[in-house]
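Would you mind keeping the following structure in view while I ask a few things?
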Amino acid sequence: MDRIRIVGGQRLNGTIPISGAKNATLPLMIASLLTEGTLILDNVPRLADVIQLQRILGNHGVDVMIAGKRPGDDPNQGRTIHISAKHVVDTTAPYDLVSKMRASFWVVAPLLARMGEAKVSMPGGCAIGTRPVDLLILALENLGAEIEIESGYVIARAPKGLRGGEIVFPKVTVGGTHTAIMAASLANGTTVIENAAREPEIGDVADCLNKMGAKISGAGTSRIVIEGVSKLHGARHSVLPDRIETGTYAMAVAMTGGDVLLQHARPELLQAALDVVGQAGATITSTNEGVRVARNGAGLAPVEVTTAPFPGFPTDLQAQLMALMTRAEGTSRITETIFENRFMHVQELARLGARIQLDGETATIEGVDRLKGAPVMATDLRASVSLVIAALAAEGETMVNRVYHLDRGFERLEEKLVRCGAVIERISA
Ligand code: UD1
């Protein structure tokens, strides 16, 4: 298994191109199942999760064509993929595929809406809590689906098609909102979703579906209205920039000091997180090209943060912020409200010398003068990158083991950091 070796202590200076968002790419690829037409996606990041989803879609008979690079192409540009679900050959998504990536469960919605049936294994994914699918099932039931759970599979049927309905989510759920929108797009009649997730990726997917002929309004607010249509067609859509990658590098620069342009980043996608990085002592400037993050000699200030659904501080940046706060001058508090058990990075950060105490859903971080490199183990996607951030500021060498988690969600991480002066290399097994 690959490892990543980091020697800390270098400031970061230069430009980091921000990739297309993983969390938009995955539902966009899944949305291709709604149409016989070809969906062309631009700005798709090169990630292990994209390849995995390609396999899963392939199992249903979907053709995914990824355009190769030509000489002279800008390596910083994401790729273009052509996805065609002209012939859906199988409506079952088996355990061995779905268990590798939680979001793949979402195929249940387009398969059910277009084919009238779907049999999808209960998901796996990052080990950050129980992550049930009850709300996704509730949404489909409200659209007239009959659902059974049998031997670890969700079996959904709507032989006469789905019908519009009202879905009131008792809790904000990104996956629930994506699946509800996809299913309702092909339902007969109008659907209203209340307490919908407002994450920017929801808006991005709704934009794409509208280009495919769907009639969705209100995406980005907590009330989404979808007028069902009988058919969707192909379209072309460019994936929005990854706000979690943006926030991660912003925190890395705040950690090491330096001055980096996060090219293509859109600050409005992560204002809450940029505000926190600003409070911690970095200077954040929006430019035509993206977001510039700089910190010179001054120390880091401690912060108090609670994760929340968008537009709040994202749970997907919680681990990275904790890494940053290990070096603050004072005591910080971070409360995680979205996922229980999303603190697996705490014990690994402690191996680098961090002082963190956990009490239920709150972590108290007492800033230390220095971190020291050590071997650490990546446990989930965002936790892994928090170890990279800490290692960039630690004295000596850190070896991050099990980096396949990083490859799931961060495109060319080492390359992007090396170009800004970090000492980081991948050691292939
Ligand atoms: C998505 C993101 C993930 C992010 C999360 C929260 C993708 C591919 N993944 O995950 O990176 O951390 O949003 O912003 O976009 N819940 C239930 N029942 C359900 C569904 C969810 O109780 O049926 C709970 C979850 O356990 C969690 C909360 O609702 O406590 C929010 O989860 P949700 O927003 O659904 O997360 P995902 O869509 O899985």
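Over the heavy atoms of His237, what accessible area does a 1.4 Å probe trace out, to the nearest 10 Å²?
10 Å²
Considering only His178, His87, His405, give the residue with the highest GNM mean-square fluctuation for the chain, with springs between Cα atoms whenever their separation is below 10 Å.
His87
Further, regarding this structure: Quick check: net charge around Ile244, other residues with Cβ under 11 Å of its Cβ, Lys/Arg +1 and Asp/Glu -1?
Numbers: positive: Lys22, Arg243, Arg382; negative: Glu199, Glu201, Asp242, Glu245, Asp316.
Here the count lands on -2.
Right, another one. Keeping all protein chains in position, work out how much accessible area Lys22 exposes to a 1.4 Å probe, and write it in Å² to the nearest 10.
Result for Lys22: roughly 20 Å² accessible.
If you don't mind, there's one more thing I want to ask. Whenever you get a sec, line up Tyr153, Tyr95, Tyr249 from highest to lowest accessible area (probe 1.4 Å, protein heavy atoms).
Reading off the accessible areas and sorting them downward yields Tyr95, Tyr153, Tyr249.
Let me ask another. If R0 is 51 Å, what FRET efficiency do you get for Val418 and Arg333 from their C-beta distance, rounded to 0.05?
Numbers: r = 34 Å, r/R0 = 0.66.
Step by step, r from the Cβ atoms, then E = 0.90.
Only Cα pairs under 8 Å and at least 6 apart count here; give the relative contact order of the chain as a rounded whole percent.
Rounded, it is 21 percent for the chain.
Indicate, rounded to the nearest 5 percent, the antiparallel portion of the DSSP beta bridges found entirely in the chain.
Once the DSSP bridges in the chain are tallied, antiparallel ones form about 70 percent.
Using a Gaussian network for the chain with springs between C-alpha atoms less than 10 Å apart, which of these wobbles most: Lys86, Lys100, Lys160?
For the chain, modelled as a Gaussian network with Cα springs under 10 Å, the answer is Lys160.
Cβ under 15 Å from Gly14's Cβ, Gly14 left aside: what net charge do those residues give with Lys, Arg +1 and Asp, Glu -1? Kindly include the intermediate steps, with their values, before the conclusion.
On the way: positive: Arg11, Arg292, Arg295, Arg412, Lys416, Arg419; negative: Asp259, Glu289, Glu414, Glu415.
For residues surrounding Gly14, the net value is +2.
Additional query: Between Asn341 and Asp90, what length in nm is gained on full extension when 0.36 nm per residue of separation is reduced by their alpha carbon distance?
Extra length from Asn341 to Asp90 when fully extended: 86.8 nm.
Where does each of Asp275, Asp204, Asp359 land when they are ordered by accessible area, with a 1.4 Å probe and the largest first?
On the way: Asp275 80, Asp204 15, Asp359 120 Å².
Output order, biggest surface exposure first: Asp359, Asp275, Asp204.
Now, a different point. May I ask for the net charge around Met101, where only other residues with Cβ less than 10 Å from the Cβ of Met101 are counted and Lys, Arg are +1 while Asp, Glu are -1? Working shown, then result.
On the way: positive: Arg55, Lys100, Arg102, Arg408; negative: Asp49.
Around Met101, the surrounding residues sum to +3.
Same structure, new question: Could you name the lysines whose alpha carbon sits less than 30 Å from that of Lys372, not counting residues in the same chain fewer than 8 places away?
Lys416
I would also like to ask the following. Helix 271-280 versus the longest principal axis of the chain: what angle, 0 to 90°, nearest 10, using Cα atoms?
Result, in degrees: 10.
Shifting gears a bit: Helix 48-59 versus the longest principal axis of the chain: what is the Cα-based angle in degrees, 0 to 90, to the nearest 10?
Long axis of 48-59 versus the principal axis of the chain: about 20 degrees.
Tell me which residues come under 5 Å, amide H to amide H, from Gly257 once H is placed; ignore anything under 5 positions away on its chain.
Result for Gly257 returns Leu12.
Let me ask something else. Expressed as a whole percentage, what fraction of the accessible surface of the chain belongs to carbon and sulfur atoms when a 1.4 Å probe is rolled over the protein heavy atoms?
After summing per-atom areas, the C and S share lands at 47 percent.
Here's a follow-up. Calculate, in nm to one decimal, what Val225 and Arg402 gain on full extension: separation in residues at 0.36 nm each, minus their alpha carbon distance.
Between Val225 and Arg402, full extension yields 59.5 nm more.
Sticking with this structure for a sec: Note down the accessible area of Arg102, probe 1.4 Å, to the nearest 10 Å².
40 Å²
Excluding same-chain pairs closer than 8 in sequence, count the lysine pairs in the range 22-238 whose Cα atoms lie under 18 Å apart.
Close lysine pairs under the 18 Å cut-off: 8.
Taking the chain as the reference, fit the longest principal axis to its C-alpha atoms, fit the long axis of helix 200-211 to the helix C-alpha atoms, and give the angle between the two in degrees, 0 to 90, nearest 10.
Roughly 30 degrees between the two axes.
If you don't mind, there's one more thing I want to ask. Considering only Ile51, Ile244, Ile30, give the residue with the highest GNM mean-square fluctuation for the chain, with springs between Cα atoms whenever their separation is below 10 Å.
Taking springs between Cα atoms under 10 Å, the residue moving most is Ile51.
The values are calculated or read from the model by the stated rules, or taken from the named source; none is laboratory data. This is a predicted model, so every value here is computed, not measured. Cβ sites come from the backbone with ideal geometry, for glycine too, and all protein chains shown count toward neighbours. The protein model used for the area step is the full one, side chains on, heavy atoms only, and it has no ligands, DNA or RNA in it. Shrake-Rupley method; radii C 1.70, N 1.55, O 1.52, S 1.80 Å.
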